[in-house]
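A.B. asks: This structure is in structure tokens; I'll ask about it shortly.
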Amino acid sequence: MSALIMESVSAPAVATSEALWGGVGIGSMFVGGLYVLGNRRLVACHWNRDHPQVIMDRIRAVFITCVVVACLLSWLFLQRGVVTRVATRLLQSSTTHQPASELDALLAIFGLHWLAPARRMLMATTWPLLHTMLLFLGPLVVRWQDYRERMANYDADEHPSYGHTHRWRIRLRNYVVGPLSEEFVFRACLGALFAQTALSTTSIVFLSSWLFGLAHVHHAWEMYAKTRTQKNALRIALARTGFQLAYCTVFGSYVMLLFLRTGHLIGPILSHAFCNIMGLPDCSRLRTADGRWDIGMLTVHLLGVLLFIMTASTLLDASLYHSIYWH
């Protein structure tokens, strides 16, 4: 059972069916807002999601969605007594024994513990990110090698200024707005909603990750609309989207687990941004130029996976964070 329900002898604050329909509605609002508030611009820009105007329209759309969803869930949690229950839990875990206000409790429900002790906040910020980085130990070494090679061959005259390009908007979307909005909606909001039901932690992780993965299926239509004149455009779009669905579902499970175990949103946000920066590992780097396995690089990649598994129980120990979602 989820932690908030286990500590209460009363019935769940939200029925499972209510939460499931609410989760579907929240996911639909997030994706629908991208098109309702910017579809005309997207079509005019030939389905180019990287067009500057499309990016800014969608940033505004997800901001509006986040505000609306937060307001609706805040009202629900106030009406169902969830805020009072969380305020009691915060008082029990407080080092100062100061009662928490309704605002403090609401923020805590969404993983925004602005009154948490500095040491706990530091752990919630750094340790989940460190755990994620361990999984990418191999790709990080590859990045470091590439950087050293670029610096050794760098020629300033061959690299014009990028000040007049729109690259910063793409980075803003991928590394800032995307992680912030998606983690707030699909982790903080869905996690908080599902935790008020009789769903088990495993079910919460599974259902929320599937909703997160399905929220990316719309990219198939965008990809097909952009390349529909090419041969096998639909097949390619579906194949890429299927892979993205699987990847996002697995990733969504991991970051939801981060959120539930720590009770903080900052860790999932930073981990999401880091994964977006790193991208998928380049498996071709595991072999040398003559096609043989690179034993050193293979060892580093496997070491990262091993450390990721071995440190999970330590770096993600819920008792360190006093998570309201884990008991």
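A.B. asks: Order these by the 10 Å Cβ neighbour count, fewest first: Arg143, Arg167.
C.D. replies: So the ranking, lowest neighbour count to highest, is Arg167, Arg143.
A.B. asks: Here's something else I'd like to know. For Ala198 and Ala11 in the same chain, what is the full-extension length gain: residue separation times 0.36 nm, less their Cα-Cα distance, in nm? Mind showing how you got there, number by number?
C.D. replies: Working: separation 187, 0.36 × 187 = 67.32 nm, distance 0.85 nm.
Result: 66.5 nm gained on full extension.
A.B. asks: Among 297-304, 197-204, how do they line up from the highest to the lowest mean number of other beta-carbon atoms within 10 Å?
C.D. replies: 197-204, 297-304
A.B. asks: Going by average Cβ density within 10 Å per residue, which order do the peptides 103-111, 269-277 take, highest to lowest?
C.D. replies: 103-111, 269-277
A.B. asks: Whose amide H sits under 5 Å from the amide H of Arg287, counting only residues 5 or more places off or on another chain, with H placed in the peptide plane?
C.D. replies: Asp294
A.B. asks: Can you list the HN-Hα couplings for segment 239-256, worked out from phi with the Karplus curve (6.51, -1.76, 1.60; θ = phi - 60°), rounded to whole Hz and with x for Gly and Pro?
C.D. replies: For segment 239-256, the Karplus-derived couplings read 5, 5, 5, x, 5, 5, 4, 5, 5, 5, 5, 5, 5, x, 5, 5, 6, 5 Hz, x marking Gly and Pro.
A.B. asks: Helix-only estimate, please: 222 nm mean residue ellipticity of the chain, summing -39500 (n - 2.57) across DSSP H runs of length 4 or more and dividing by its residues, to the nearest 500.
C.D. replies: Computed mean residue ellipticity for the chain: -21000 deg cm²/dmol.
A.B. asks: Using alpha-carbon pairs under 8 Å, 6+ residues apart, how would you state the relative contact order of segment 210-327 in percent?
C.D. replies: 27
A.B. asks: A further question on this structure: Going 7 Å from the Cα of Leu306 along its beta-carbon direction, which residues of segment 281-297 have the amide nitrogen within less than 16 Å of the resulting point?
C.D. replies: 295-297
A.B. asks: Right, another one. When a/c is below 1.5 the answer is rounded, else prolate if a/b is larger than b/c, else oblate, so apply that to segment 206-327 with a ≥ b ≥ c taken from the square roots of the Cα gyration tensor eigenvalues.
C.D. replies: Because a/c hits 1.5 or more and a/b fails to exceed b/c, segment 206-327 counts as oblate.
A.B. asks: Roughly how many nanometres apart are two label points built 7 Å out from the Cα toward the Cβ at Val67 and Arg80?
C.D. replies: It works out to 2.5 nm between the two label points.
A.B. asks: Suppose each label sits 7 Å from its Cα in the direction of the beta carbon; what would the Leu115-Asn232 distance come out to in nanometres?
C.D. replies: Taking the two extended label points, one gets 6.0 nm.
A.B. asks: Okay, next question. Please give the contour-minus-distance gain from Val217 to Met56: 0.36 nm per residue of separation, less the Cα-Cα distance, rounded to one decimal in nm.
C.D. replies: Contour length minus Cα-Cα distance gives 55.8 nm.
A.B. asks: From the list (1) 67, 21, 16; (2) 36, 27, 19; (3) 42, 31, 17, can you say which value of semi-axes √(5λ) of the Cα gyration tensor in Å was derived from the structure given?
C.D. replies: Computing semi-axes √(5λ) of the Cα gyration tensor in Å and matching it to (1) 67, 21, 16; (2) 36, 27, 19; (3) 42, 31, 17 gives (2).
A.B. asks: Place a +1 charge on the Cβ of each Lys and Arg in the chain and a -1 charge on the Cβ of each Asp and Glu, then give the dipole magnitude about the Cα centre in debye, rounded to the nearest 20.
C.D. replies: In total the dipole reaches around 620 debye.
Readers should treat all values here as calculations from the given coordinates under stated rules, not as data from a laboratory. What you see is a predicted model, and the numbers here were worked out from it, not measured in a lab. Reconstructed Cβ throughout: ideal geometry from the backbone, glycine too, with neighbour counts over all protein chains shown.
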